[in-house]
């Protein structure tokens, strides 16, 4: 009798633990101390170091295993229920699948997910009190245009390293940015891997993502050479524990700024895109007119890349799902958090070389 109830009790316990972990209020300071600056960094270095050795994506293997397991458990339960004329096998299978999902969620939190609850960047840095004005956003956008015009020729002459993990300038910029933001252990950058999800990235316009279970980076196969440095730096920022999209954009952009002309060009190109969506129509037209022919061609190439593979209905659905995922992980703005990088850049106080000034109490 005891053994009969052991499995259901264990499954219900796991489900309860997952629910408690998802709802438990934790202070950002505590999460920063025991997870983001404690448990997580050594785990990240080990797991990402291992995943970098593999040419295939761990997420692909896990996804295929999950699909096979769900199909097998469901089919066995349905056949058994049909044969015995009882619903018990189906109920047991559903409970087992729910327990498995709860286990996956707990692993997600312990490997990476608790980073969503860490101390926000706004409490780490010295910020200007006033919110950015439309004028300051327009000024930054014009600076982005000027930087693209100035960097285009030297960046294209120098070219881009095909595998960003081998780009020493980008790696140095990423390390310097981490040191400027935290006293903790530096994160290991990840290689940009192809994946069975590559078609989904193409159809939805997603540039890349990290696998929180293998702490690896998956990239859109269609990325253009001058897009890769920023996309890599953005995803590496997630690996460094900056889960919030605006913060990953901020850290990734700073990493590019602290690299060479090629990585800087990639960073300013990203920021131009972001700012272009923040300004009004007349400012947008003025920015476009100020662009030289070279940067304009690069932007047109990105637009062509996005349009050639995009499925609008799937893109809309995919971003809606991701919006709900972010909100479920306590990112209240959802996908709108991407644009908050402009506010961070404009409000943060910098020393020479794009070194952000930290609050005295924000050191780890």
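When residues of the range 220-246 are filtered for being within 22 Å of residue 308 (Cα to Cα) and surrounded by fewer than 24 Cβ atoms within 10 Å (Cβ to Cβ), how many remain?
Looking only at that region, the number is 8.
Residues to consider are 190, 252, 214; find the one that is under 15 Å from the mean Cα position of the chain (by Cα), farther than 22 Å from residue 168 by Cβ, buried (at least 19 other Cβ atoms within 10 Å of the Cβ) and modelled with pLDDT of 95 or more. Before you say what the answer is, go through the steps one by one.
Numbers: 190 fails: farther than 22 Å from residue 168 by Cβ; 252 fails: farther than 22 Å from residue 168 by Cβ.
None of the others qualify; the one that does is 214.
Within the range 147-168, can you find the residues that are in contact with a helix residue (DSSP H, G or I) (Cβ under 6 Å, 6 or more places away or on another chain) and buried (at least 19 other Cβ atoms within 10 Å of the Cβ)?
Within the range 147-168, 147, 148, 151, 152, 155, 160, 164 meet the criteria.
Of everything in the range 22-64, what is outside any helix (DSSP H, G or I), surrounded by fewer than 16 Cβ atoms within 10 Å (Cβ to Cβ) and out of contact with any helix residue (DSSP H, G or I) (no Cβ under 6 Å at 6 or more places or on another chain)? Give them in sequence order. Talk me through it step by step, then tell me what you get.
Restricting attention to the range 22-64, the residues satisfying the condition of being outside any helix (DSSP H, G or I) are 24-27, 52-57.
Adding the requirement that they be surrounded by fewer than 16 Cβ atoms within 10 Å (Cβ to Cβ) leaves 24-27, 53-56.
Passing the criteria: 24, 25, 27, 53, 54, 55, 56.
Quick one: which residue in 171, 202 is out of contact with any strand residue (DSSP E or B) (no Cβ under 7 Å at 6 or more places or on another chain) and touching a residue at least 40 places away in the same chain (Cβ under 8 Å)? If you could, list the steps in order and put the result at the bottom.
Details: 171 fails: touching a residue at least 40 places away in the same chain (Cβ under 8 Å).
Just one listed residue meets the conditions, 202.
Just for helices (runs of 4 or more DSSP H) wholly inside the range 170-281: which have at least 2 residues that are in the same structural domain as residue 345 (by TED's automatic domain parsing) and under 25 Å from residue 123 (Cα atoms)? Spell out how you get there, then give the answer.
Details: elements: 198-204, 228-239, 245-257, 261-276.
Filter on the range 170-281 gives 228-239, 245-257, 261-276.
Answer yes if at least one residue in the range 196-205 is exposed (fewer than 14 other Cβ atoms within 10 Å of the Cβ) and within 29 Å of residue 276 (Cα to Cα), and no otherwise.
The initial filter retains those residues of the range 196-205 that are exposed (fewer than 14 other Cβ atoms within 10 Å of the Cβ), namely 199.
Right, trim to within 29 Å of residue 276 (Cα to Cα) and you get 199.
Yes, some residue in the range 196-205 is exposed (fewer than 14 other Cβ atoms within 10 Å of the Cβ) and within 29 Å of residue 276 (Cα to Cα).
Taking the stated definitions as given, is residue 106 in a helix (DSSP H, G or I) and in the same structural domain as residue 294 (by TED's automatic domain parsing)? Give the steps one after another, and end with the answer.
On the way: in a helix (DSSP H, G or I): yes; in the same structural domain as residue 294 (by TED's automatic domain parsing): no.
Taking the combined requirement at face value, the residue does not satisfy it.
Name the one entry in 134, 141 that is surrounded by 14 or more Cβ atoms within 10 Å (Cβ to Cβ), in the same structural domain as residue 231 (by TED's automatic domain parsing) and either without any contact (Cβ under 8 Å) to a residue 12 or more places away in the chain or over 20 Å from residue 349 (Cβ atoms) (or both).
141
As an exercise: evaluate residue 129 against (1) modelled with pLDDT of 90 or more; (2) outside any helix (DSSP H, G or I) and give the number of the one condition it does not meet.
Among (1) modelled with pLDDT of 90 or more; (2) outside any helix (DSSP H, G or I), residue 129 violates only (1).
Quick test for you: out of 9, 90, pick the one residue that is surrounded by 13 or more Cβ atoms within 10 Å (Cβ to Cβ), at pLDDT below 90 and either in the same structural domain as residue 192 (by TED's automatic domain parsing) or over 27 Å from residue 232 (Cα atoms) (or both).
Working: 9 fails: surrounded by 13 or more Cβ atoms within 10 Å (Cβ to Cβ).
Answer to the check: 90.
Please go through the range 113-145 and give me each residue that is under 24 Å from residue 263 (Cα atoms) and out of contact with any helix residue (DSSP H, G or I) (no Cβ under 8 Å at 6 or more places or on another chain), ordered by number.
Passing the criteria: 139, 143.
Sort through 114, 108, 50 and tell me the only one that's within 30 Å of residue 188 (Cβ to Cβ) and without any contact (Cβ under 8 Å) to a residue 60 or more places away in the chain.
Working: 114 fails: without any contact (Cβ under 8 Å) to a residue 60 or more places away in the chain; 108 fails: without any contact (Cβ under 8 Å) to a residue 60 or more places away in the chain.
Of 114, 108, 50, the one residue that is within 30 Å of residue 188 (Cβ to Cβ) and without any contact (Cβ under 8 Å) to a residue 60 or more places away in the chain is 50.
The values are calculated or read from the model by the stated rules, or taken from the named source; none is laboratory data. What you see is a predicted model; the values in this text were computed from it and never measured. Positions of Cβ are backbone-derived with ideal geometry, glycine not excepted, and every protein chain shown enters the neighbour counts.
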